[in-house]
Amino acid sequence: MNARPPCLASQDADALAACQGEYDAEDSFLDAYVQIHYGPDYAPEFVIEAMKEIPFALAKVIAELKDYTAQGEAIEKWLSKYAYQCARRNIAEARNAA
């Protein structure tokens with residue numbers, strides 16, 4: 001969770017989105033926003049927050065996996081999914097505030 005003023009973060013996300021060109025503008029903006037604000041290379045605070053929000057069924061599946069690599073991949077998938085959820089929420093809040 002990189003703390004940045006929304007206007008600067010939005011400019012950074014717009015610039016990264018413009019460079020990527022292969023997605024439509026909305027998807028590209030969302031991908032850039034997640035990469036700039038969340039990661040990969042997730043901040044420890046974000047990981048703690050995400051793990052508190054993990055659905056019980058998913059946590060149970062991860063705990064039952066015997067292979068540490070599979071556990072890590074499942075956790076990484078959840079962190080990515082949660083980052084996109086947070087990004088969508090933040091973008092919606094910023095648009096509603098404007």
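Filtering the stretch 59-84 to residues that are of a type outside the set (F, W, Y) and touching a helix residue (DSSP H, G or I) at 6+ places or on another chain (Cβ under 6 Å) leaves I62, L65, Q71, A74, L79, A83. I want to confirm something. Restricting to the stretch 59-90 and keeping residues that are among the small types (G, A, S) and loosely packed, with under 14 Cβ neighbours inside 10 Å, which single residue is farthest from F29 (Cα to Cα)? Filtering the stretch 59-90 for residues that are among the small types (G, A, S) and loosely packed, with under 14 Cβ neighbours inside 10 Å, the one farthest from F29 (Cα to Cα) comes out as A63. Going by what's in this entry, would M1 be described as surrounded by 13 or more Cβ atoms within 10 Å (Cβ to Cβ), in contact with a helix residue (DSSP H, G or I) (Cβ under 9 Å, 6 or more places away or on another chain) and at pLDDT below 90? Judged against the criteria, M1 is a match. Restricting the stretch 28-47 to residues that are aromatic (F, W, Y) and not in a helix (DSSP H, G or I) leaves a set whose member that is surrounded by the most Cβ atoms within 10 Å (Cβ to Cβ) is Y38. Just one of (1) at pLDDT 90 or above; (2) open to solvent by 90 Å² or more (accessible area, probe 1.4 Å); (3) under 19 Å from R88 (Cβ atoms) fails for Y23. It is (1). Applying the criterion of being assigned to a helix (DSSP H, G or I) and touching a helix residue (DSSP H, G or I) at 6+ places or on another chain (Cβ under 9 Å) to the residues of the stretch 48-58, the residue that is most open to solvent (accessible area, probe 1.4 Å) is M51. Take the conditions within 14 Å of A94 (Cβ to Cβ), modelled with pLDDT under 85 and of a type in the set (A, V, I, L, M, F, W, C) and apply them to A9. Does it pass? The answer is yes for A9. Within this structure, E93 fails the test of being open to solvent by 90 Å² or more (accessible area, probe 1.4 Å), part of a loop (DSSP other than H, G, I, E, B), modelled with pLDDT under 95 and charged (D, E, K, R).
The values are calculated or read from the model by the stated rules, or taken from the named source; none is laboratory data. Predicted model, so just to flag it, every value in this text is computed and none were measured. Using ideal geometry, Cβ is built from the backbone for each residue, glycine included, and neighbour counts are taken over all protein chains shown. Protein only, heavy atoms only, side chains kept; ligands, DNA and RNA dropped before computing areas. Shrake-Rupley method; radii C 1.70, N 1.55, O 1.52, S 1.80 Å.
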